[in-house]
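The values are calculated or read from the model by the stated rules, or taken from the named source; none is laboratory data. All values reported here derive from a predicted model rather than from experimental measurement. Positions of Cβ are generated from backbone atoms using ideal geometry, with glycine treated the same way; all protein chains shown enter the neighbour counts. Accessible surface areas use protein heavy atoms only, side chains included; no ligands, DNA or RNA. Shrake-Rupley method; radii C 1.70, N 1.55, O 1.52, S 1.80 Å.
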Amino acid sequence: LNNYLKLEKDRTKIDFDIDGIVYKINNLELQKRLGNVANSPRWATAYKFSAEKAVTKIKDIIIQVGRTGAVTPVAKLDPVRLAGVTVSSVSLHNADFIQEKDVHIGDFVKVERAGDVIPYIASVDLNKRKQVGEVIFPTNCPSCEAKLVRPEGEAVWRCENVECPAQAEERVIHFVSKGAMDIDGMGKDIVKRFMLEGLLSNIEDIYRLDYEQVLALEGWKYKSVENLRKGVADSMQQPLWRLLVGLGIRHVGSATAKILEKQIQRIDDLE
């Protein structure tokens, strides 16, 4: 316990980031006798440190539209260093979260990183509250102006317009991502630029890109265009489960996609 408390207290003085301490049995013969379970050894156990905390100010709250139409408020913060990274924005999840935490623009908030990974707002410092702005949750989509709906049993509001430009952009970003089709040479920023330039409007457009137009864009050279062309061509050889993930079907992640892949020969079989 003393080792744990001392390390937790001094963690910021170490030259690298740590999120806990592991205790091991210091005897190889005993380790061998104890053995392992599926994902971990029986002769070692980990204790996580409590999440690091920092206080910062909410500069603004913006509304983002995801690929499934979910509308998410995001707090833009005065940048603050937390557990080895600089945090400048944090999800507020939904309208209920804002109401529950009593969050306003201009508030000072305590920010933590869940598991030292995902930043979140733990609480508002009401003692520092002065002049703040009310958060008005939109009734219409900030991208396409369609009426937002809240499906029964869900906490989030959604834009149900499948032609919504924000949703289309997020669908393409998801499709090309490493967890989906993993298209080399086409990351998030490139997708955003191509959509802004009118080279992409949906997933299908990836496979009918005009590479001469790409080459004409500032910052693009022959080699980078050829790398992109190859990345797109290579993606057509990806396994079927990656395509299923890339299509962004709700509730179909990589594990479910791999199960589905074993049941079908062609994607048309899903019908």
Taking 0.36 nm per residue of separation between Gln131 and Glu197 and subtracting their Cα-Cα distance, the length gained on full extension comes to 19.7 nm
Evaluate the distance, in nm, between pseudo-label points positioned 7 Å from the Cα of Lys221 and of Lys57 along their respective Cα→Cβ axes.
4.4
What part of the accessible area of the chain, given as a whole %, is carbon or sulfur when the probe is 1.4 angstrom?
51
Residue among Val37, Ser50, Asn26 farthest towards the positive dipole end of the stretch 1-69, charges placed on Cβ
Val37
Per the charge dipole of the stretch 73-145 (beta-carbon charges, Lys/Arg positive, Asp/Glu negative, Cα centre), the residue among Gln99, Ser88, Asn140 reaching farthest to the positive end is Ser88
For Lys188, which aspartates and glutamates qualify as cross-link partners when the Cα separation must be under 18 Å and same-chain residues fewer than eight apart are set aside?
Glu169, Glu170, Glu197, Glu204, Asp205, Glu218
Cα gyration tensor category, rounded, prolate or oblate, for the chain with a/c compared to 1.5
oblate
How many angstrom lie between the Cα centre of the stretch 31-81 and the Cα centre of the stretch 170-243?
30
When ligands, DNA and RNA are left out and all protein chains stay put, how many square angstrom of accessible area per residue does the chain have with a 1.4 Å probe?
63
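May I ask you to derive the relative contact order of the stretch 115-271, considering only C-alpha pairs under 8 Å and at least 6 residues apart, and to give it as an integer percent?
Computed value for the stretch 115-271: 17 percent relative contact order.
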Excluding residues on the same chain fewer than 8 positions from Lys128, give the aspartates and glutamates whose Cα lies under 20 Å from its Cα.
Asp60, Asp78, Glu100, Asp102, Asp107, Glu112
Per the charge dipole of the chain (beta-carbon charges, Lys/Arg positive, Asp/Glu negative, Cα centre), the residue among Met236, Phe194, Asn127 reaching farthest to the positive end is Asn127
Can you tell me which lysines have their Cα less than 28 Å from the Cα of Lys130? Leave out same-chain residues fewer than eight positions away.
Lys53, Lys57, Lys59, Lys76, Lys101, Lys110
